[in-house]
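The values are calculated or read from the model by the stated rules, or taken from the named source; none is laboratory data. From a predicted model like this one, the values you see are computed outputs, not experimental measurements. Here the Cβ is made from the backbone with ideal geometry for all residues, glycine too, and neighbour counts use every protein chain on show.
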Amino acid sequence: MAGELVLLDFWPSPFGMRSRIALAEKGIPYEYREEDLRNKSDLLLQMNPVHKKIPVLIHNGKPVCESVIQVQYIDEVWHDKAPLIPSDPYQRAVARFWVDFIDKKIYELGSKIWKTKGEEQANAKKEFIECLKLLEGELGDKTYFGGESLGYVDVALVPFYSWFYAYEKCGDFSIEAECPKMIAWVKRCMQKESVAKSLPDQEKVYEFILQLKKVFGIE
Amino acid sequence: MSKAKLVILDCWVSPFCMRVKIALNEKGLEYEAQAEDLFGGKSELLLSSNPIYKKVPVFLHDGKPLCESTIIVNYIDETWSSLPLLPPCSYGRAQARFWADFIDKKVFDACGNIWRSKGEVPVEAKKEFIEILKQLEEALGDKYYFIGTTFGFVDIILIPLTSWFFAVEKIGGLTVEAECPKLSNWMKRCLQRESVAKVVPPPEKVYEFVLMFRKMLGID
């Protein structure tokens, strides 16, 4: 069942982190390959010709693209350990809704926070916090979004924590001050080895953002 | 056993609502479609069932709301599991989800870049629209439907969007059949299915709606 598993990835990608966490949760060994996105490998271009993006999960030579599809695939193939996706169809649909919400909102708004200034940045910050508050509402008093154990929504969201410091420095605001429940949930997740070893250091991500800003000519 | 109550908060021209109705028809399920007036005033039920996006479709299963058409179609498939819409193997499902995601990310926006243009339609917009359709045509290949010989998930996600293609063709001055004949044949095959035919409106009717919407938006 395990076969050969390769993950084409890029260390600061929150999307790559999702698959890393899912594989680690299930204790599945795989080969991690770092891609240089300015010089994409032939393998990446061959395995993801449509989007040419990471992450790509290659299982026995066959590619699975898009992080949320990868997490679902990993959960189905290695279903006997650490299930991530709810078994009840309604709970599953609710989890998918929130993962879709995270995909629609968090990355784009976060990008606007570090890429823009003035009114555009202010609006992005406001909407970003509103989205986190909606997610806090969904979390409620649960330990994780998945209940007592890490679930699909947790895996989809927690990688963005590695970018929070960069957002805060660029946007001059504190996420913890606005959304303490969210940060408390993050800290619980970070106590899990699968999460802690899949997320890069926040300072490293901030340095990377500063480099990107130089390259894009953003002040 | 009492029959479950299935309701869809609906709009006749929304391709996203059409997806849900086709899936329900494929499963032989009876449901009530409640028409929402998206311009006049959304119902209290819609606003309370979908507080985040306030959009149709919303699917209510015994009063429990589900939002986002692709998620709803998945839910219908998993809850009423006979005549499955997704392939049985995990890899096949991953492939189906990939193309559904591609369609969701690309097709409607590409249509919009054409039908929403003021004045002359940008060449780039037309080029991008055709490129996206060609990619889908390549994925279809020589198969009868996107997942082999059975009408399924990817077909359901895409076919409703094609009801807007006539409007795109008229406004953009292009022909889908000339550019993508295989995809065009697939469209005709799908439209022959009863589950699809009784849901998808005639393209001319959608075109009339788009022209009216353009006026409303101040484009015409």
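A few points about this structure:
- Summed over the stretch A:29-64, residues that are under 23 Å from A:Lys81 (Cβ atoms) and of a type in the set (Gly, Ala, Ser) total 0.
- In a residue-by-residue description of the stretch B:53-71, the property of being of a type in the set (A, V, I, L, M), more than 9 Å from chain A (Cβ to nearest Cβ) and out of contact with any strand residue (DSSP E or B) (no Cβ under 6 Å at 6 or more places or on another chain) applies to no position.
- In the set (1) at pLDDT below 95; (2) surrounded by 14 or more Cβ atoms within 10 Å (Cβ to Cβ), the condition left unmet by A:Phe164 is number (1).
- Identity of the residue in the stretch A:188-207, surrounded by fewer than 18 Cβ atoms within 10 Å (Cβ to Cβ) and polar (S, T, N, Q), that ends up nearest to A:Asp154 (Cα to Cα): A:Gln191
- The residues listed here are B:Leu83, B:Leu24, B:Leu29; of these, the one that is within 17 Å of the chain's Cα centre (by Cα), closer than 23 Å to B:Leu191 by Cα and either more than 9 Å from chain A (Cβ to nearest Cβ) or basic (Lys, Arg) (or both) is B:Leu24.
- Among the candidates A:Ile106, A:Ile54, A:Ile129, residue that is away from chain B (no Cβ under 14 Å), in contact with a Cys (Cβ under 7 Å, 6 or more places away or on another chain) and of a type outside the set (D, E, K, R): A:Ile129
Here is a yes/no grid of residues against (1) in a loop (DSSP other than H, G, I, E, B); (2) away from chain A (no Cβ under 11 Å); (3) touching a Ser or Thr at 6+ places or on another chain (Cβ under 7 Å); (4) modelled with pLDDT of 95 or more:
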position: B:Arg93; (1), (2), (3), (4): no, no, no, yes
position: B:Arg97; (1), (2), (3), (4): no, no, no, yes
position: B:Asp101; (1), (2), (3), (4): no, no, no, yes
position: B:Ala110; (1), (2), (3), (4): no, yes, no, yes
position: B:Gly119; (1), (2), (3), (4): yes, yes, no, no
position: B:Lys126; (1), (2), (3), (4): no, yes, no, yes
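- Residues (in contact (Cβ under 8 Å) with a residue 12 or more places away in the chain, of a type outside the set (A, V, I, L, M) and out of contact with any Gly (no Cβ under 6 Å at 6 or more places or on another chain)) located in the stretch B:108-139: B:Phe108, B:Cys111, B:Asn113, B:Trp115, B:Arg116, B:Ser117, B:Lys118, B:Glu128, B:Phe129, B:Lys134, B:Gln135, B:Glu137
- The stretch A:71-93 - residue that is touching a helix residue (DSSP H, G or I) at 6+ places or on another chain (Cβ under 6 Å), within 8 Å of chain B (Cβ to nearest Cβ) and under 19 Å from B:Gly92 (Cβ atoms) and, of those, surrounded by the fewest Cβ atoms within 10 Å (Cβ to Cβ): A:Glu76
- Contacts under 7 angstrom Cβ, first residue in the stretch A:98-122 being crowded, with 16+ Cβ neighbours inside 10 Å, partner among the charged types (D, E, K, R) and part of a helix (DSSP H, G or I), 6 or more apart: A:Trp98/A:Glu138; A:Leu109/A:Glu127; A:Lys112/A:Glu120; A:Ile113/A:Lys125; A:Gln121/A:Lys112
- Any hit, the stretch A:13-34, residues being out of contact with any Phe, Trp or Tyr (no Cβ under 7 Å at 6 or more places or on another chain), within 15 Å of A:Tyr152 (Cα to Cα), of a type in the set (S, T, N, Q) and within 10 Å of chain B (Cβ to nearest Cβ): no
- Test: residue in the stretch A:95-105 that is assigned by TED's automatic domain parsing to the domain that holds A:Met190, of a type outside the set (Gly, Ala, Ser) and farther than 30 Å from A:Leu212 by Cα: yes
- Listed by position, the strands (runs of 3 or more DSSP E) enclosed by the stretch A:7-81 that each have at least 2 residues that are farther than 24 Å from A:Gln202 by Cα and free of Cβ contacts under 8 Å to residues at least 24 places away in the same chain are A:62-65.
- Residue check for B:Asp101: outside the structural domain of B:Leu140 (by the TED database) and either over 22 Å from A:Glu66 (Cβ atoms) or not aromatic (Phe, Trp, Tyr) (or both): no
- Residue within the stretch B:54-67 that is surrounded by fewer than 18 Cβ atoms within 10 Å (Cβ to Cβ) and out of contact with any helix residue (DSSP H, G or I) (no Cβ under 7 Å at 6 or more places or on another chain) present: yes
- Helices (runs of 4 or more DSSP H) within the stretch A:126-217 that include 1 or more residues under 14 Å from the mean Cα position of the chain (by Cα), farther than 18 Å from A:Val94 by Cα and touching a residue at least 60 places away in the same chain (Cβ under 8 Å): A:193-196, A:202-216
- Per this entry, B:Ala33 is not counted among residues that are touching a strand residue (DSSP E or B) at 6+ places or on another chain (Cβ under 8 Å), farther than 26 Å from A:Val68 by Cβ and either polar (S, T, N, Q) or modelled with pLDDT under 95 (or both).
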